[in-house]
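*Asks:* I have a structure I would like to understand better, so I am pasting it below and will then ask my questions one at a time.
The values are calculated or read from the model by the stated rules, or taken from the named source; none is laboratory data. All figures in this text were calculated on a predicted structure; none of them were measured in a lab. Note that we place each Cβ from the backbone using ideal geometry, even for glycine, and neighbour counts take in every protein chain shown.
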Amino acid sequence: MLSRRALLAGLGLGGLAAVAAACSPASSTAPSAVASASSPPASPPAPASSGPAASPAPSPSAPPAASSTPGPSPVDRLRARVAGLLVVGFRGERLADAPWVRTAIERDGLGGVILFDRDQLTGQGRNVASPAQVAALTAELRAAAGAAGLLVGVDQEGGVVTRLGPSHGFPALASEAQVGAGTLAAARTWARTLAGTVADAGCNLDFAPVVDLDVNPASPAIGALGRAFSADPAVVAQRAAVEIDALRARGVRSAAKHFPGIGSSTVNTDFGVADVTRTWSAVELEPYRSLNAAGRLDAVMVGHVVNGQIDARYPASLSPATLARLRGDIGFDGPAITDDLQAAAITARYGADEAVLLALEAGNDLLLFANQQVYDPGIVGHVVDVVMGAVAHGRLTGAQIDAKWTRRQALLGLPA
């Protein structure tokens, strides 16, 4: 871990100078008011007065008043932007149950959280008990973030992947497979129910729709779970558009997944890296291309899948060639988010820290840490230190962080 002291020591070698230059007003794309969660809010404008004239202004020779609240340093500003790229999971039905999350939001500038109904390690409940409880939790989270904004995400796909489900008092939702086989009118009704559930819970990002093609009905990741609308890319794009439109109508953004397609996989990518080199086909890109052409892609989740047709070396989530395909072939310029970077197959092969840097170098903007396969309350500070170390040593640049931050801001509807 690169400590703040070690980073400051880099001044002598010019490492921190590069960080400061990257964050200077001339090269920065994000104002300091949004860049740091610890920055004080701007003072409101003075109200107009109809009373006597104000006292005369000080003489031009008077020295200017010193600022009582200096802004964040370039290093602090960059650290906040890095934290703003992270989306983490946590345990607790109230924010008080996870004080480290409040600290990460208020002090560090954590960019987002993801809610789960069940804790994978303990088998117990996690963040979801009832509609009223979830709404109260998300209100606490948003209040902690204040004007900096916070992505509050959830996997609400329908069917087996429904975090806000009937067992906790939320409406039942059919699976994507059932919706794809039904009528368009039924799909619209389903989508409105799904969107209303997510919005009323206080979430502003749904890690859905799944736009993988059902090319392998036996796939343990997609087909066997009913997670795909269809094997027909036109049906997938149509149903996904209906869902995205319903979410947007309720102020919720979507993350289509799992690019570049895992429908032919034979492995559940939460636990292993599937290899679809021999089974994937370019038609699996068509839903992304269609949705992007229609302006309906808000964000795209990149999957943990090896696809040697695109990149024989790295899984898609860590692959520059795959992200280049998303940007170039599909033409998408919005935020790309990784699948869970704590997935055992990823960390075992690359190491947790190296996976973070590879994901950023590949072109991902947001990094997901579900805190499900391992639980690490120190994940935010640790990842920020890892990334800051990479910037100080020239592996990443402040300009790259700025570009990712700008996409995150756009997803939240905030100024860059």
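*Asks:* Can you run down the residue pairs with Cβ atoms below 6 Å, 6 or more apart or on separate chains, where the first is in segment 386-415 and free of Cβ contacts under 8 Å to residues at least 12 places away in the same chain and the partner is of a type outside the set (D, E)?
*Replies:* Listed by first residue and then by second, the contacts come to nothing, as the list is empty.
*Asks:* Continuing with the same structure: If I filter segment 138-145 for residues that are at negative phi, part of a helix (DSSP H, G or I) and among the acidic types (D, E), do I get at least one hit? Reasoning before the result, please.
*Replies:* Taking segment 138-145 and keeping what is at negative phi, we get 138-145.
With the extra rule that they be part of a helix (DSSP H, G or I), the set shrinks to 138-145.
Narrowing further to those that are among the acidic types (D, E): 140.
Within segment 138-145 (the criterion being at negative phi, part of a helix (DSSP H, G or I) and among the acidic types (D, E)), the answer is yes, since at least one residue qualifies.
*Asks:* Looking at (1) touching a Cys at 6+ places or on another chain (Cβ under 7 Å); (2) assigned to a helix (DSSP H, G or I), find the lone condition where V152 falls short.
*Replies:* Among (1) touching a Cys at 6+ places or on another chain (Cβ under 7 Å); (2) assigned to a helix (DSSP H, G or I), the lone unmet condition for V152 is (2).
*Asks:* Please enumerate the residues belonging to segment 136-177 that are charged (D, E, K, R) and either surrounded by fewer than 19 Cβ atoms within 10 Å (Cβ to Cβ) or without any contact (Cβ under 8 Å) to a residue 40 or more places away in the chain (or both).
*Replies:* Selection gives E140, R142.
*Asks:* Name the helices (runs of 4 or more DSSP H) wholly within segment 304-373 that hold at least 1 residues that are in contact with a Lys or Arg (Cβ under 7 Å, 6 or more places away or on another chain), of a type outside the set (D, E) and modelled with pLDDT of 95 or more?
*Replies:* 352-362
*Asks:* Here's a follow-up. Is there any pair with a first residue in segment 292-311 that is free of Cβ contacts under 8 Å to residues at least 24 places away in the same chain and under 30 Å from A348 (Cα atoms) and a second that is surrounded by fewer than 20 Cβ atoms within 10 Å (Cβ to Cβ) and not polar (S, T, N, Q) whose Cβ atoms are under 7 Å apart and which are 6 or more apart or on different chains, and what are they?
*Replies:* Partner pairs satisfying both residue conditions: D311/A321.
*Asks:* Checking the conditions here, which among V236, V215 is buried (at least 17 other Cβ atoms within 10 Å of the Cβ), of a type outside the set (S, T, Y) and part of a helix (DSSP H, G or I)?
*Replies:* Details: V215 fails: part of a helix (DSSP H, G or I).
The match here is V236.
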